[in-house]
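Visitor: This is the structure, below, for whatever I ask next.
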Amino acid sequence: MKKILTFAASIAGAFFLFASAASAHVTVAPAETTQGKYEVFTVKVPSEKEEVSTKKIEVTVPEEVNISRIEPKAGWTYEVEKDATEKITKIIWTAEGDGLSPIEFGMFNMSGKVADDATEIVWKAYQTYTDGSVVEWVGAEGADTPASVTTVQPGDGSSAGHGVSHEGASNVTSDQDEDENGQDVSATPLYLSIVALSVALIALVLSLKKRRN
């Protein structure tokens, strides 16, 4: 019985470890928004390397969204790049100190209007570490370093006004579920179901063993 319980615990641990690893990407929340809506977008940056810190994060602003406000973040400075029409095309956050250590993550807020004809917003990001290495979060879904994607639903006209306040952006709750560490927990019920299934299998094996005895 001890071996069976140890095996079940190993399975459960493996699934939770996979969940943690899968969420350790640079992502932009919310995962879903609406055409024409004024939205607060939050860039979540985990620092994944064991011996160096994250020093800089660059986010390319797609055509489908017009960013107009950026929330200041203590310990970091930011600069923007614009095109000929004065539209912000890139935001670059740079740490004033050591940046994000291997066990830390950062959240960077920006707000703006989603285009009326947008169907999805693909956020390409570039994460620079203190050793000079750069991780390019620009890949397709399923890639090792995927770009974060916000799905855009058709608008009904009700979000034409300013749906959020640009001031106090950090108090706005996104549509994407997060735990206290800023990680995505939307898949948690799946992993809990798998653990429950493992426990049920253990009970079945024990029941069959008793019948044999």
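None of the figures in this text is laboratory data; all of them are computed from the coordinates on show. Note that this is a predicted model, so its numbers are computed, not measured. All Cβ positions, even for glycine, are placed from backbone atoms using ideal geometry, and neighbour counts span all protein chains on display.
Visitor: Hey, which of these cross-link pairs are over 24 Å Cα-Cα: K49/K82; K56/K87; K49/K87; K55/K90; K55/K113?
Guide: Those over the limit are K49/K82; K49/K87; K55/K113.
Visitor: Relative to the present Cα-Cα distance, how much length would full extension add between D98 and E32 at 0.36 nm per residue of separation?
Guide: That works out to 20.5 nm of additional length.
Visitor: Express the relative contact order of segment 32-101 as a whole percentage, based on alpha carbon pairs under 8 Å and six or more residues apart in sequence.
Guide: Once divided by the residue count of segment 32-101, the mean separation gives 37 percent.
Visitor: For every other residue with a beta carbon closer than 11 angstrom to the beta carbon of G112, add +1 if it is Lys or Arg and -1 if Asp or Glu, then tell me the sum.
Guide: Value of the local net charge: +2.
Visitor: Within segment 71-110, report the chymotrypsin sites (Phe, Trp or Tyr not before Pro) that DSSP leaves as loop and that have at most 12 other Cβ atoms within 10 Å.
Guide: Here no loop site has a sparse enough neighbourhood.
Visitor: Moving on to the next point. Suppose the chain between Y78 and E136 were pulled fully straight at 0.36 nm per residue; how much longer would it get relative to their current alpha carbon spacing?
Guide: Length gained between Y78 and E136: 19.0 nm.
Visitor: Label D144 and E50 with points 7 Å out from Cα along Cα→Cβ: what is the distance between them in nm?
Guide: 1.6
Visitor: Tell me, what is the percent relative contact order of segment 25-176, built from C-alpha pairs under 8 Å that lie six or more residues apart?
Guide: Averaging sequence separation for qualifying contacts and normalising by length gives 37 percent for segment 25-176.
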